[in-house]
Structure formats: structure tokens, C-alpha cells
Amino acid sequence: MKRLISSAIAVTASVMFAITNIHAAELEEIIVTATKKEESLQDVSVSVSVISGDKIQEAGLHDLKDIGQYIPNFSVSENAISTIATMRGVGVGANQSFEQSVGLFVDGVHLAKGRQFRTGLFDVERVEVLRGPQGTLFGRNSTAGAMQFISAGPGQELEGYVRLTQGNFGKTRIAAAVGGPVNDRLGVRVSGVWEQEDGMVKNVPEKGNAGWTDYSAMRLVADFQATDDFDVRFKAQFGRSDGSPL
């Protein structure tokens, strides 16, 4: 009996040791800019959720409605005339004259109107979602929370990709990007996306479909390191969105 007990204890100890090593290997520091400076996610004093660009690509997230499936307490809904973003149940409702209660910031630029929440996701480094009023750092237009998009930068090496996605109802999406260093101080990245969907409902009077979309966008990002302590980022983006509501 004593021999059996000793064996059981030895096996239990080795299993616990293995589990401890597995969890230690999975820990990874996540750097965010939720407080206007780079900090570890564990040190930020506000409620923040982060989705990396790799996760966005892996999960096939193409717009903010898709992001809402992965962020607790956050959702985006659409109707015929407006897009509504809510955080913890707080939103402005279907009123185009009001700015959204959830502030949307793309590389630091505030997009106030609801229809701007229909912007597509492409070539993103990460998305940060902050819950609760963020008036101190982001202004009065973030009474329910704030969402930050951080575009992918040029990087230290030449890299690029082309991705083709096809789905139901004639959905086709092409996304591409290429970027890298030009010299020791300048890096450039160019990216773009085109997406089209035929729609899922037949509109007999107009002899077409309802719910179709046609979206395209291009982005240019240039990082210039003026000195060892001073960096400049230039970004230009153009987008066009058209469609027929359900």
C-alpha cells in the first residue's frame, strides 16, 4: 500500500509541473496605447480588450459588426439610414444628427458619424476597445467608450501579401499590402481592399437584390525617423462604400 501511494504522488507532481510549464509558455506581453502612451495591457488602469491583426485575419473579421462578436459589451447594428454603436447598452439610437457615444479613432483621427462605423477592416496591426467614459484622453465624444484602429506600419523588412476570400451570395474580397524600409530612416507601406456582395434578398420591383455591398479602400503609410528620439508618421487613406439596405 505504501508503494502505491508513493507512485501516485510522483505522477501527480509531474503532471502539475507540466501544466505549470505550459501556462508559462503561453503568457505574452501585449503593448497597447489606450492611455496615449505605450503600456503593457496588464498595467493599464481602464477596461481594455485588444484584437491583434493576426487574429482579425485568422477569424475572417471584415468590419466592425464582426468585431462585436469578439468584444464583450460592444455591438454595432445597421438599419436603412444609420449605423449604431453601443457599449454596455449605451448608444445614441437611430438618429443621424447625434454623434456616436462610442468614439471611433483611426490612427488618432476621430470619426464621429455613425455611417463611418461601416469602414472596413484591412491591414490592421490591432484594434483596442476601451469601456466606460473616456473624456479625459479622448474627449466628450466618447461617453460610453472608445475604439482605436492602429494601421500596420512598414516594418523592418520588405513584406507583403495578397488574399482572396469568396463566400455565399457572390461575396468576393481581395486584400493586398506591401511595405518595408526605403532607407535607414524612411519606411513605406501601401495596402488596399476591394469587397463586393450580391445580396441575399431579391428585390422584385427594382429587378435587383437588396443587401448588396460594394466597398473599396486604399491606404499609404510612411514612417520617417527624423532623429533618434523623434518619429513622424504620414498616412493617407481613401475609401468608397456603396450598397442597398435590407
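The values are calculated or read from the model by the stated rules, or taken from the named source; none is laboratory data. Remember, predicted model here, so these are calculated numbers, not experimental data. Quick reminder, even Gly has a Cβ in these numbers, built from the backbone with ideal geometry, and neighbours come from all protein chains shown. Just the protein is used for accessible areas: all its heavy atoms, side chains included, with ligands, DNA and RNA removed. Shrake-Rupley method; radii C 1.70, N 1.55, O 1.52, S 1.80 Å.
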Mind ranking 182-194, 42-54 by how tightly packed they are, going by the mean number of other C-beta atoms within 10 angstrom, highest first? 182-194, 42-54
How large is Rg/Rh for segment 60-178, to two decimals, with Cα atoms and a Kirkwood Rh? 1.00
Per residue, how large is the accessible surface of segment 33-143? Use a 1.4 angstrom probe and give square angstrom. 49 Å²
Those trypsin sites (Lys or Arg not before Pro) in segment 132-171 that DSSP places in a loop and that have at most 13 other beta carbons within 10 Å: Arg140
Whose amide H sits under 5 Å from the amide H of Gln100, counting only residues 5 or more places off or on another chain, with H placed in the peptide plane? Gly114
Could you work out the local net charge near Ile67, counting Lys and Arg as +1, Asp and Glu as -1, over the other residues with Cβ closer than 12 Å to its Cβ? 0
Computed from the beta carbon distance with a Förster radius of 41 Å, FRET efficiency for Thr172 and Ile31 to the nearest 0.05 stands at 0.70
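Note down the relative contact order for segment 121-246 as a percent, whole number, built from C-alpha pairs under 8 angstrom at least six residues apart.
18 percent
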